[in-house]
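Below is one structure; the comments refer to it alone.
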Amino acid sequence: MKLKMIKFVPLMLAALMFVGCSTTEQKAEEPAPVSETPDKMHGDMDHSMQGEDAATSGADAATGWTGHPLDDPAKLTSTRVIHFDFDRSEIKPEYQAIVVAHGEYLARHSSQTVTIEGHCDERGTREYNIALGERRANAVKRLLMAQGATSGQITTVSYGEEKPLERASNETAWAKNRRAVFAY
Amino acid sequence: MKKLLIFIVLLFCQMAHSAPLTIEITESEMGALPIAVVPFGWQGPGQAPSEDIAAIIDADLKRSGRFKTMPSKDMIASPHTGTNVDFRDWRVLGMESLVVGQVKPNGVGGYIVRFQLFDVFKGEQLTGYSIPTTARDLRATAHHISDLIYEKLTGQRGAFATRVAYITSIAHAEGQRKMALQVADADGYHPQTIVTSTEPLMSPAWSPDGLKLAYVSFEKGRPSIFVQEVYTGKRQRVASFKGINGAPAWSPDGRKLALTLSKDGNPDIFILDLAKRTLLPLSRHYAIDTEPAWSPDGKYIIWTSDRGGRPQIYRIPSGGGKAERITFEGKYNARASYSPDGKLITMVTQIGREFRISVLDLASSQLQVLSDGSLDESPSFAPNGSMVIYATKIKGQGELAAVSVDGRVKQRLALQVGDVREPAWAPYSQ
């Protein structure tokens, strides 16, 4: 899990940047704006989450997390990737709670927006996979909206099989590549 | 002869020689016509050109699967003109056809390539031309000679002097990939870059006149469809709706694009009139509808739909009407396109766990699997219908391959760097 999160540090940094840019819309319970430098955004993939809290302030009373609440490793919203079965777009039971947590967060923070990326493994044809990736992104969107998130908060985009996480051609890589990503 | 000159003018804007693609025939031919292409002679002062015309013709003919060519080391004579041919030499070697020729300077910096094709048994010339050309068009001239030989001996128009578009993906700085849409000669030479991006490029489709390419670009982070002139580079964004803008396919008259849009909630097929900018919805279904292709007469659209639960091919009149399913064998059939005569469709078919290229005879419903990879996709017919080019994976790397439409001869077109995918065989130049 840890490893998986570290991979998304650049994404999270982008999210932190976004928060930093919209300070006027911050609500009372949200942390003060962060100030990441642009070169940090393109930093090494393997620098750890802990490295970021120096640049942030505000803390979650329960978990002691001082970064952006979406990034709190103790919370389900820190998981930004869920996976799917081949040629399927149903949210699997083990990922339901994660999507629900994101939906609840969005419902509570109406100015927060998110892009849901849909991705596929390399099997099957490319344009069909674009359609399948969109179906996955839409399945996530529907569940987010069922928690009270609004359609205006959610953008979807499908990359089909065009942006694999793993370039290998085996079951492990395919399982990783069949995914939806929460990009805040 | 006038046709030849037009052809040469059309190919005048070729790039400098380079050969990133290498061709390897992976299955030998059976029942192919034995032919000897004798190395061409050089007549005249100065340096002979570096292009080996006979070798290019030899490779073309071999690649088609219709010919068995003779290695030049096995030849016992090397005539350059008909008058020097002793047909007994070639009968002894079992040759049915013989090509001889020579290259000479034309006095103004170019060349004249002369060739003759003979029937070895009858000892008769079947065809022969003198073709004026330039140093940079020597390869094109050789392909054109291959076309003339092919047509004379098989009765079918050759497709050697044609081009192929494809997408490359090359590892770039910081884990990024650099994508490019390229166009090369059908044998992989003369690659030209049409567009590059660090975001995905997809689904290149030739206009029927071979002058434009439609493609999908994610350059703004989301997909748009562009139409670009191949020679001028001028381009236009023709579809950038909310959601999917994908799978462009030109109508045979070049006036319309069939495409996939999900602007209304889920992917459906639409027909875009390029001049009027009108959009006609064709498929309306909550399932996935994508990958449209036109019949050569423009009357039908076939496409991939999973309305029956799994992806299968459906057909509908291009002006709208009732959709009918046309594939029933196999649980996954997708990305179909018609042969130039409209009698066959080629598509991706799942066989067990493998994705392979197949051909379906529409009259007999006979399905033939042509490829033997596990991740084969993007089949595209040659403009004469003789071969299908497709994308395959060899050791995790995307490569192009071609197979004769009877499945007898397969060949790899291996790029030296990066992934190659989504080949689209260009129509004949008009």
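None of the figures in this text is laboratory data; all of them are computed from the coordinates on show. Remember, predicted model here, so these are calculated numbers, not experimental data. Neighbour counts run over all protein chains shown; Cβ positions are idealised from the backbone, glycine included.
Observations, loosely collected:
- Residues whose amide H lies under 5 Å from that of B:V37, counting only those 5 or more places away or on a different chain, are B:M70, B:V99; hydrogens are built 1.01 Å from N in the peptide plane.
- Column: log10 I(q)/I(0), Debye, Cα scatterers of the stretch A:79-184, q = 0.17 Å⁻¹: -0.69
- Positive-pole candidate from B:G373, B:I316, B:M347, dipole of the stretch B:292-380, charges at beta carbon: B:I316
- Rounded if a/c under 1.5, otherwise prolate or oblate - the stretch B:138-263, Cα gyration tensor axes: oblate
- Where chymotrypsin sites (Phe, Trp or Tyr not before Pro) fall in DSSP loop in the stretch B:275-341, at most 15 other Cβ within 10 Å: B:Y286, B:F328
- Per-residue shielding of B:299-308, expressed as the average number of other chain Cβ atoms within 10 Å of the residue Cβ, stands at 1.
- Relative contact order computed over the stretch A:79-184 (Cα-Cα under 8 Å; 6+ residues apart), in percent: 40
- Averaged over the residues of peptide A:153-159, the number of Cβ atoms from other protein chains lying within 10 Å of each residue's Cβ is 4.
- Surface/4 of the Cα convex hull for the stretch B:246-321, nm²: 4.6
- Amide H partners (placed H, <5 Å) of B:G123, local residues excluded: none
- Under 5 Å between amide hydrogens, built in the peptide plane, is the criterion, and for B:T327 it picks out B:I313 among residues at least 5 positions away or on other chains.
- Put a dot 7 Å past the Cα of A:T172, heading toward its Cβ, do the same for B:E151, and the two dots end up 5.5 nm apart.
- Computed from the C-beta positions of B:K395 and B:D89, the FRET efficiency with R₀ = 41 Å rounds to 0.40.
- From phi via Karplus (6.51, -1.76, 1.60), per-residue ³J(HN,Hα) for the stretch B:390-405 in Hz, x at Gly/Pro: 8, 9, 9, 10, 10, 6, x, 10, x, 9, 9, 9, 9, 9, 5, 5
- In a DSSP loop and with at most 15 other Cβ atoms within 10 Å, the trypsin sites (Lys or Arg not before Pro) in the stretch B:87-124 are B:K122.
- Modelled spin-label separation between B:S364 and B:L126, with each label point placed 7 Å from Cα along the Cα-to-Cβ direction: 2.6 nm.
- Cα-Cα separations in chain B greater than 37 Å, expressed as whole percent: 27
- Computed extension length for B:R310-B:A135: 57.7 nm, one decimal, from 0.36 nm per residue of separation with the Cα-Cα distance subtracted.
- Per-residue ellipticity at 222 nm from helix content only, as computed over chain B with -39500 (n - 2.57) for each DSSP H run of at least four residues, stands at -3000 deg cm²/dmol.
- Equivalent ellipsoid semi-axes - Cα gyration tensor, the stretch B:278-430, angstrom: 25, 18, 15
- Two-site FRET efficiency, B:E324 against B:D52, from Cβ-Cβ distance with R₀ of 45 Å, rounded to 0.05: 0.30
- The slack in the chain from B:T193 to B:Y428, taken as 0.36 nm per residue of separation less the alpha-carbon distance, amounts to 82.6 nm.
- Inter-chain Cβ neighbour average for residues A:162-169, partner chain, 10 Å: 4
- Longest site-free stretch - chain B; sites: GluC sites (Glu not before Pro), DSSP loop, at most 15 other Cβ within 10 Å: B:28-328
- Within the stretch A:79-184, percent of DSSP bridges classed antiparallel, to nearest 5: 55
- Under Karplus coefficients 6.51, -1.76 and 1.60, residue-wise ³J(HN,Hα) of the stretch B:237-246 in Hz, glycine/proline x: 8, 9, 8, 8, 7, 4, x, 6, 10, x
- Karplus (6.51, -1.76, 1.60) ³J(HN,Hα), θ = phi - 60°, over the stretch B:167-172, in Hz, Gly and Pro reported as x: 10, 10, 9, 10, 4, 10
- For the stretch B:369-430, the list of trypsin sites (Lys or Arg not before Pro) that fall in a loop by DSSP and count at most 14 other C-beta atoms within 10 angstrom reads B:K395.
- In this label model, A:L165 and A:R142 are separated by 2.4 nm, measuring between points 7 Å along each Cα→Cβ vector.
- Debye, to nearest 20: dipole size of the stretch B:163-425, +1 on Lys, Arg Cβ, -1 on Asp, Glu Cβ: 580
- For peptides B:259-272, A:101-114, sequence by mean Cβ density within 10 Å, most packed first: B:259-272, A:101-114
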